[in-house]
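Structure incoming, see below.
Values quoted throughout were computed directly from the atomic coordinates according to the rules given, and no laboratory measurement underlies them. From a predicted model like this one, the values you see are computed outputs, not experimental measurements. Every residue, glycine as well, gets a Cβ built from its backbone with ideal geometry; the counts of neighbours run over all protein chains shown.
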Amino acid sequence: MLGPTNTGKTHLAIERMLAHEVGVIGLPLRLLAREVYEKVVAKAGAGQVALITGEEKIKPPRARFYVCTVEAMPRELEADFVAIDEIQLAADGERGHVFTNRLFHARGTSETLLLGAATMRDAIRELLPGANLVSRPRLSSLSYAGEKKITRLPRRSAIVAFSANDVYAIAELVRRQRGGAAVVLGALSPRTRNAQVALYQNGDVDYLVATDAIGMGLNLDLDHVAFAGVRKFDGHTHRNLTPSEIGQIAGRAGRHMNDGTFGVTGQAQPFDAELIERLETHSFDQVGVLQWRSRTLDTSSIEALKESLREMPIHPRLTRSRMVDDVIALENVTRDEAVCDMAKSPAAVGLLWDMCQIPDYQRVSPADHADLVGDLFGFVMSDEGKIPEDWFARQVAQADRTEGDIDTLSNRLAQIRTWTFVSHRAQWLDDPEHWQERTRSIEDKLSDALHERLTQRFVDRRTSVLMRRLRDKEEMMAEIGDDGQILVENHFVGRLDGFRFTPDAAGEGIHGKAARNAATQILASELAQRADALGSAADDAITLSSNGRILWQGCEIGRLVAGDTALKPRIELFADENLSAPDRDRVAARLDAWLTAHLDAKLKPLMDLSRADDLTGLARGLAFRLTENLGVLRREGAAEDIRALDQSDRGQLRKYGVRFGAFNLYFPALLKPAAAELLLQLWALHGGGEYGIDIDAMPERPQQGLTSVPANDALPEPYWRAAGFHVAGSRAVRIDMLERLSDLIRARVTWRPAKTTESPAPAAKSGAETTAKTPEAVAATTEAPAPETEGAPADTAATAQTAPEAKAKPEAPQPPSGATGDGGFRVVPELMSMVGCSGEEFASILRGLGFRLERRKIEVPPEANAATGGPSVQEPEALEAPAQIEVAEAAAAPAEPEPVFDEIWRPAKRRHQQSQHQRGKGRHGGRAEAKQASDGAEQPHRQRSRQGEHQGKPNKKSRQHGKPPRKGGKGDRFGGQGKSKEWSSSPKREQAAENSPFAALKDLRDSLAARGRSGRS
């Protein structure tokens, strides 16, 4: 029975088979075999129908009807009726020899029915003389509809492409524009393919995107078939489809009595008139030759088998089958000598040929498939005679995973289909029934997972529903959830975040517009209610995020933007056109009021100072500079103004919380984390752009509790100042801790040993204020910031006892740890603990604050070294051990002891004062200062030592004072600050730099000494 598609051939074959006692029908695809099996079961009952394919066998004991793939048709079964569908595949290069074999040898005792295209008429008439040829007309017409864009294809269309990538790309486009598409590829398992087809048949989607796999065995309710291309890769080369192949695919449009159309889309060129006529009239060239392979294969040896496979047919209508998968596998596996040694008997050769029939589902490479065949053959030919259970279990377990994308699951399906095929060879496994059930279960799981992934990727159920409602012009119901989700017909279409509606990013095209139109029905009323709620909300219901976003009820409703000044930012409202103008004004006014209250609460002293109207003179000017610099003003930059302040001016500023520190004017209250975080945001808005810092990507402020951190070179000095830190050297030190460190150092620098030969000077008058050069901050003994005092430091005052007190306590007071008594100090843990660092990091801070390092060599007696058998270090008892001692590396000469140094820090010498603004040229204050030849008040003074140019040479001036020559070593990296005079036995007292706290202390000390002398006189 020959004819075009949609002639009812398969339906007739089923009816004829059921009319016989025993029947067999061979079908070209496992998928089609399953479909026919279910139809026969529905009519005859499951107990009478068997399903036999390469990967699936259902054989009831009393089966009468056998539904098979053509390759799996039982040869030994004598059946009353035999039918072979799609007989024109006898001309196929891959499987044609199987169909040709069935054409010649598959016969029913009562009736044999060959079903196929009319192009087989001449071949059957010539090869099977006496065959009764019956033609059946098509039940519906087929016409050409021309060219259409993919997005304009009619509903119930199939789009045909010829690669998986093209199929996926088209399906993605259809999903975005039309709600989704079912996907059919030849690599899909039957279960997955059926599930995808069901999506289309059930109406969940209106489009099907497929390869030419739909051209055979898929009976679908298609109205139109659109070709996105007519060129395919057939396994050997890229070629154009033949007219008969196009007709086979196009014929799927129009089922039963419904007419169908076909056309082109995408990049495909329109069909020419001749091809259109042939497709519409089903007029195609007759099949020329059929593929043939000898049925009687000689398995006496491998070479005999190969020779029989090379046997030529004798009929001109037949041609020898080309090298297909099983022959290629045989050629490759027999290159292995071990395989050839095992295949010496006819039974072994027959087994090897059977294993070459394993389908290459994975399609990795012929060599890989041949390796698999060789492994299996070696297992079965071993002494055990079976595939090892543990090996087979490992192979199966590798595929038993359902995670991954479409390609990953497809590869696992190909693997498990291989093991399913092997499990149905009972003689190869110990427990084939167990493995058949196991592999079938895994294949079903993978098929379901693949169907789910395909559906997730290519089907948008929400869009499908919306498009159907839109097409039918039905009113769509919209609602909004508590979390802001807007649902239209119970499908998510967007989210109302604060006062902005954000459509679903996946919603595009005409369906997206429809969803938004439906959502606007409830947006207006909801936004009005939210505006009312915000207007009555308390201030604490609104918060500010770290990136400057205004949050309310968990939603972003605005952001901070720069205003006229740093302390006057503005709020940019996040709202779209759905918020009415009156509601927008109400929301903006409420946020402005909240921002004012928020700044006043977090930055109260600074905001009060910015609005102060009771300040006069220099105090008013300093207040302006403080507010301009967000509450932290480096003292060196305002030294002249600070010295000119009188007590009244100072009192005015202290009233607003200003602290006069040794290095900064600042507000202690603004060093708290919440205030500092807000100040950083204000700085980023107003001044961060100059340094490439934006509030959206602002570096995090140092963690709470850290007293100093490495000063990142990428961050400018104003950033650290706004964060409440002072850059000194390579570290950024918290401002309050820096002042405490300064107090501790001041006590050590100003300490002098008590003189027992004369009465001490009278104590300084209580409450007397020091000069403008003296820091106002005095160290405390707790971690809290020290209270402000106007008197001298406590340690300094302790050295100025009254005469009666001195007589009562004749013993000398204990010096502060690390104090040298001559204006210097050693680094001790108490100092380092203030800033949380030590070693070179702490030294960097000291240099950044204007101190210099003096290194005194400690002589070690040679006798001590000899007594201990080597060099040893002995420090004088009068010197307290320094916190950091660096020993120069010396040659390992037994007579030369290793030098040991005592490190003492002192205030820098006074240099010619330069412009106070020169410091600002560096990005970081401490680092910029260290690079200047000389600086203004309180700036460090560093020189490059030239002593390194004369390392190893004696210093003449040192020898004059009885000092040994200074040798170079690791310690020279501190710069060799002192000249030869500084190494004399009587060091000259240095004069502190002007405007530094140490200059103020010197003035105080001189004043106290003068009073003492006048009292004695």
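At a Förster radius of 60 Å, what calculated FRET efficiency corresponds to the Cβ-Cβ distance of Gln485 and Glu841, to the nearest 0.05?
The pair Gln485/Glu841 has a calculated efficiency of 0.70.
If each of Gln267 and Gln357 carries a label point 7 Å out from its Cα toward its Cβ, how far apart are those two points in nm?
4.1 nm
Can I ask one more? Could you tell me the center-to-center distance, by alpha carbons, between region 667-728 and region 558-619 in angstrom?
Between the Cα centre of region 667-728 and that of region 558-619, the gap is 21 Å.
In terms of the Cα gyration tensor, with a ≥ b ≥ c the square roots of its eigenvalues, is region 293-383 rounded because a/c is under 1.5, prolate because a/b exceeds b/c, or oblate?
oblate
Would you work out which of Ala181, Ala273, Ala210 lies farthest towards the positive end of the dipole of region 142-281, given +1 charges on the beta-carbon of Lys and Arg and -1 on that of Asp and Glu, about the Cα centre?
Ala181
Taking the Cα centre of region 142-281 as the origin and placing charges on Cβ (Lys, Arg +1; Asp, Glu -1), which of Ala195, Val160, Leu142 is farthest toward the positive end of the dipole?
Ala195
Another question, if that's okay. In percent, what relative contact order does region 9-127 have, based on Cα pairs under 8 Å that are 6 or more apart in sequence?
Working: 199 pairs, mean separation 31.2, N = 119.
For region 9-127, the relative contact order is 26 percent.
What shape does region 542-731 have by the C-alpha gyration tensor, where a ≥ b ≥ c are the square roots of the eigenvalues, rounded means a/c under 1.5, and otherwise prolate means a/b greater than b/c and oblate the rest?
oblate
Using 1/(1 + (r/R0)^6) with R0 = 51 angstrom and r between the beta carbons of Asp613 and Arg155, what's the FRET efficiency to the nearest 0.05?
E(calc), rounded to 0.05, equals 0.10.
Something else: Would you kindly state how much longer the chain becomes between Arg62 and Glu331 on full extension, computed as 0.36 nm times their sequence separation minus their alpha carbon distance, in nm to one decimal?
92.7 nm
Then there's this: With the Cα gyration tensor of region 143-272 giving a ≥ b ≥ c as the square roots of its eigenvalues, does the rule (a/c under 1.5 for rounded; else a/b larger than b/c for prolate; else oblate) give rounded, prolate or oblate?
rounded
Still on this model: For Ala46 and Leu77, calculate 0.36 nm times their separation in residues minus their Cα-Cα distance, and state this gained length in nm to one decimal.
Stretched fully, the Ala46-Leu77 segment lengthens by 9.2 nm.
A follow-up question, please. Hey, how many Å between the Cα centroid of region 368-428 and the Cα centroid of region 213-256?
33 Å
Follow-up. What nm distance separates the two modelled labels at Glu572 and Arg620, each placed 7 Å from Cα along Cα→Cβ?
Placing both labels 7 Å along Cα→Cβ, they lie 3.7 nm apart.
Calculate how many DSSP beta bridges within region 142-281 are antiparallel, expressed in % of all such bridges and rounded to the nearest 5. Don't skip to the end; give the middle numbers.
On the way: 3 of 24 bridges.
Bridges in region 142-281 that DSSP calls antiparallel: roughly 10 percent.
Here's another thing I want to ask about it. Rounded to the nearest 0.05, what FRET efficiency do Trp391 and Arg295 have when you use their Cβ-Cβ distance and R0 = 22 Å?
On the way: r = 35 Å, r/R0 = 1.57.
The pair Trp391/Arg295 has a calculated efficiency of 0.05.
Taking the Cα centre of region 142-281 as origin, work out the dipole magnitude from +1 charges on Lys and Arg Cβ and -1 charges on Asp and Glu Cβ, in debye rounded to 20.
Values: 16 positive and 15 negative charges, 95 e Å.
That gives region 142-281 a dipole magnitude of about 460 debye.
For a label point 7 Å from the Cα of Lys306 along Cα→C-beta, name the residues of region 361-393 whose backbone N is under 17 Å from it.
367, 370-371, 374
Figure the gain on full extension for Arg231 and Glu172 (residue separation times 0.36 nm, minus the Cα-Cα span) and round it to one decimal in nm.
19.1 nm
Between beta-carbons, use under 10 Å as the cut-off and find the net charge around Gly186, counting Lys and Arg +1, Asp and Glu -1.
Values: positive: Arg193; negative: Asp212.
Overall, the nearby charge balance is 0.
Evaluate the distance, in nm, between pseudo-label points positioned 7 Å from the Cα of Ser441 and of Glu38 along their respective Cα→Cβ axes.
Label-label distance for Ser441 and Glu38, simple model: 2.3 nm.
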